[in-house]
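> Here it is, the structure, as structure tokens.
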Amino acid sequence: MTRVYLTGAGPGDIELLTLKAHRVIKQADVIIYDRLANPEILEMAKDGCEFVYVGKEDGRHTLPQDEINEVIYQNALKHKVVVRLKGGDPFVFGRGGEEGAYLQERGVSFDIIPGITSAISVPAYAGIPVTHRGVAVSFRVVTGHESPNKEVSQIPWENFKTDDTIIFLMGLHNLSKIAAKLIEIGKPRDYPCAVISKGSTKDQSVVTGTLDNIVQKAKGVPTPALIIVGQVVKLRDQLKWFEQQ
């Protein structure tokens, strides 16, 4: 019986892959993978495993999402173990729900294998806890990149006024808009924020600043990058363990 595994690859550090993901990757007949999955993971596959790249980058998509859905389905018709490998977690802005629904409508069985999302792990590797006693009791995760085809934004900016920590995924190209909107709703111009590029990998880089100067300070930072806003950013000076290894 065919089984499709919608599998989270984690944030980049290969050792953050889950044991279950590791098991199904070794069993896979085909792995359909995206740009943010660590390519070293593919080396775990058995001999004869097929690899299909369906990566997306801002402005450059190998395939649109509806065609990716069909690629997964067509491979499920040919193979017994299909792994759809996605950076981070399939259900955190990973469109895993769309892929699962597409398969379900066509009678294909699937499992979801959660991955460690970059929303919490990348700040951790930068020494920034998303919550901290006496500083932040909650955090919000927001897409930093909405579809350009939307007539109205779904991001409820006004609701962010009292948030302790706000994490924007895939938002580097919209950093100036994000900073401006947060200032517009009442966040102070000197409110701490950071941009973390290629988090949890050997190429990780971190830029800290304020809403007023982060755009200038983060100029030229490569993607993928995460934006984190909140007083927790100040804890980085004490907790930046990764760079000190």
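The values are calculated or read from the model by the stated rules, or taken from the named source; none is laboratory data. Computed from a predicted structure; not experimentally measured. So basically every Cβ, Gly included, is an ideal-geometry build from the backbone, and we count neighbours across all protein chains shown. Surface areas here come from the heavy atoms of the whole protein model, side chains and all, with no ligands, DNA or RNA. Shrake-Rupley method; radii C 1.70, N 1.55, O 1.52, S 1.80 Å.
Okay, residues lined up against (1) surrounded by fewer than 20 Cβ atoms within 10 Å (Cβ to Cβ); (2) more than 19 Å from the chain's Cα centre (by Cα):
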| residue | (1), (2) |
| --- | --- |
| THR2 | yes, yes |
| GLY8 | no, no |
| GLU15 | yes, no |
| ARG35 | yes, no |
| GLU43 | yes, yes |
| ASP47 | yes, yes |
| VAL52 | yes, yes |
| GLU67 | yes, yes |
| HIS79 | yes, yes |
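> Then there is this: Being open to solvent by 10 Å² or more (accessible area, probe 1.4 Å) and not in a helix (DSSP H, G or I) is the filter here; which residues of the range 89-109 pass it? Show your work before the answer.
Initial filter on the range 89-109 (open to solvent by 10 Å² or more (accessible area, probe 1.4 Å)): 89, 91-95, 97-98, 101-102, 104-109.
Selection gives ASP89, PHE91, VAL92, PHE93, GLY94, ARG95, ARG106, GLY107, VAL108, SER109.
> Next up: Residues THR2, THR18, THR7: which one is among the hydroxyl-bearing types (Ser, Thr, Tyr) and either at pLDDT below 95 or assigned by TED's automatic domain parsing to the domain that holds VAL141 (or both)?
THR2
> Still on this model: Cβ-Cβ under 9 Å, sequence separation 6+ or interchain: first residue in the range 110-126 and assigned to a helix (DSSP H, G or I), partner of a type in the set (Ser, Thr, Tyr) and open to solvent by less than 10 Å² (accessible area, probe 1.4 Å). Which pairs?
SER118/SER200; SER121/SER200; VAL122/SER200; PRO123/THR165; ALA124/SER200; TYR125/SER200
> Output the residues belonging to the range 211-230 that are in contact with a strand residue (DSSP E or B) (Cβ under 6 Å, 6 or more places away or on another chain) and either open to solvent by 20 Å² or more (accessible area, probe 1.4 Å) or under 14 Å from HIS173 (Cα atoms) (or both).
ILE214, LYS217, ALA218, VAL221, PRO222, ALA225, LEU226, ILE227
> Run down VAL137, VAL152 and say which single residue is out of contact with any Gly (no Cβ under 7 Å at 6 or more places or on another chain) and modelled with pLDDT of 95 or more. I'd like the intermediate steps shown before the answer.
Numbers: VAL152 fails: modelled with pLDDT of 95 or more.
Answer to the check: VAL137.
> Taking TYR73 and the conditions (1) buried (at least 21 other Cβ atoms within 10 Å of the Cβ); (2) more than 23 Å from MET170 (Cα to Cα), which numbered condition does it fall short on, given that it satisfies the others?
Just one mismatch for TYR73, condition (1).
> How about the range 74-107: which of its residues are more than 21 Å from ALA45 (Cβ to Cβ) and free of Cβ contacts under 8 Å to residues at least 40 places away in the same chain?
Passing the criteria: PHE91, ARG95, GLY97, GLU98, ALA101, TYR102, GLN104, GLU105, ARG106, GLY107.
> So, SER153, is that one over 30 Å from ASP13 (Cβ atoms), more than 14 Å from the chain's Cα centre (by Cα) and not acidic (Asp, Glu) or not? Before you say what the answer is, go through the steps one by one.
Details: over 30 Å from ASP13 (Cβ atoms): yes; more than 14 Å from the chain's Cα centre (by Cα): yes; not acidic (Asp, Glu): yes.
So SER153 fits the description; yes.
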